[in-house]
Structure formats: C-alpha cells, structure tokens
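Inspection log for the structure reproduced underneath, given as structure tokens.
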C-alpha cells in the first residue's frame, strides 16, 4: 500500500538555513546566484531585455528548483525534512517561494536592485513630464557619461568585413529588393525613430563584426533574417573623405 510522500513540519529557522546553504552551493558550482524564478521572469525580461535575448549563460542556466536541490549536498544534510524544505526555496528577486524553475545568473555589476529601480524610473518620467527627465540623477549620470565618452572618441576608419542583418518580413513589407545593397543601408528618415543606439533618431547604419552578432542585434528569435556581408576599403574611404 502506497502512503505517498511524507512531509515534516519545519520552522522559519530551518527554511532560512536551508536557503543559505543552497545559495552557497549555487555560488560554489556556478559562481553565480538565483537571478529570477518563473513568477518574476517576465519582469526581469522587461527590465533587462538584453540579458533575456542575448546572454547565452542566462538562457542555458534555467533549472528545475527540485532538480537543483536534489543535485546539491542538501540531500545529505536534510533527509527527513527535504521533502518539505524543497518547497521553500526563496527567490530573492520577487520574494516568493519558487514553484517550478529558477534562472541562475550573475550581473557583471553590483547594486543590482538599485540600478534596476533607476532604469525603470526615467521612462515613466519621460512619458509624463519629458522636460523633467534630466532632473533624475540616473538620467543625468548617463548624459555625463555619454558626453565624457564623446569627448574621448574620434572618428576612425576600420578596414575589414562587416555584417548587416534585417528581418526578411520587413524587407518584403517595404517592397524592397533582397539583392539591392541599398536595402541594407540606413533607414529613411521618415521611418526611423529614437532607439537605444540612435537617440537622435537620425538615419544611420550599424554594422557587426560577426554574423552571429548581426543576427542577435535584431532582437527576435525564430524569425527569418537576411544578412549582407560588406567589405570596407580604407584607401577608398580615405580618398572619398578627402574629396568631401
């Protein structure tokens, strides 16, 4: 006769100690920590879209919370209580107990919670009162950083091969030719808007040094893309610039 799983009562101290040990195990195995769980994944993806779309480490380190516990040394430390305690793995991002899976990932910077809050505030201020946007400390610090980089940056001619990718559906929608090099040039001023690499909303072209980067920069998965390979000749570029 099957009696089913046996759950033993545990205390808040047991739960806290259990989570502390699990955090240390994850840090030891992955040099990382619990980034988010299934309940706060969408919020994380909205706050850090670049990580969610492009970071291979983040994409591949999603694991069932029960599997994570059962592969750790906790199975030797907690035998009778394990059936209960594995339901109380704490997610530091949303403050809930994890139901299914966790993402193990570490940002390359500290003060994550403070930075995410700072990232979230300027868009709402910009939508409601755009003239007050630069009153926000984070927005001012970004502007100062951009100005500093601009002062230290000079135009540079870079020879070599580059790649430019576009969604095939967009090319078809614009009735453009896949074989015309102009199709992969700067977007017309009438259709371009402000973006993360083009805050002025001016026509410009962004090139990648690898095919993979060009495809990833589109920011969409499971969509057909078209890529052009461009070779820049420094001597011709220099002559062209001198003529102007």
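Read-outs throughout are calculated quantities, based only on the coordinates presented, and are distinct from any laboratory measurement. Since this is a predicted model, take the numbers as computed values, not measurements.
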A student asked for the Cα radius of gyration and Dmax of the chain in angstrom ought to give 24.9, 91
Volume per residue (Å³) of the convex hull spanned by the alpha carbons of the range 1-146 is 153 Å³
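How big is the C-alpha Rg of the range 91-160 next to the rule-of-thumb value 2.2 N^0.38 Å, as a ratio?
Compactness ratio reported: 1.65.
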Relative to the chain, whose Cα atoms define the longest principal axis, helix 137-151 and its Cα axis are tilted in degrees, nearest 10, by 40 degrees
Per GNM of the chain with C-alpha springs under 10 angstrom, the most fluctuating residue out of 229, 167, 156 is 156
Helix 234-243 sits off the longest principal axis of the Cα atoms of the chain, rounded to the nearest 10 on a 0 to 90 degree scale, by 50 degrees
For the chain, longest principal axis from Cα atoms; helix 12-30 axis from its Cα atoms; angle between them, nearest 10 degrees, is 40 degrees
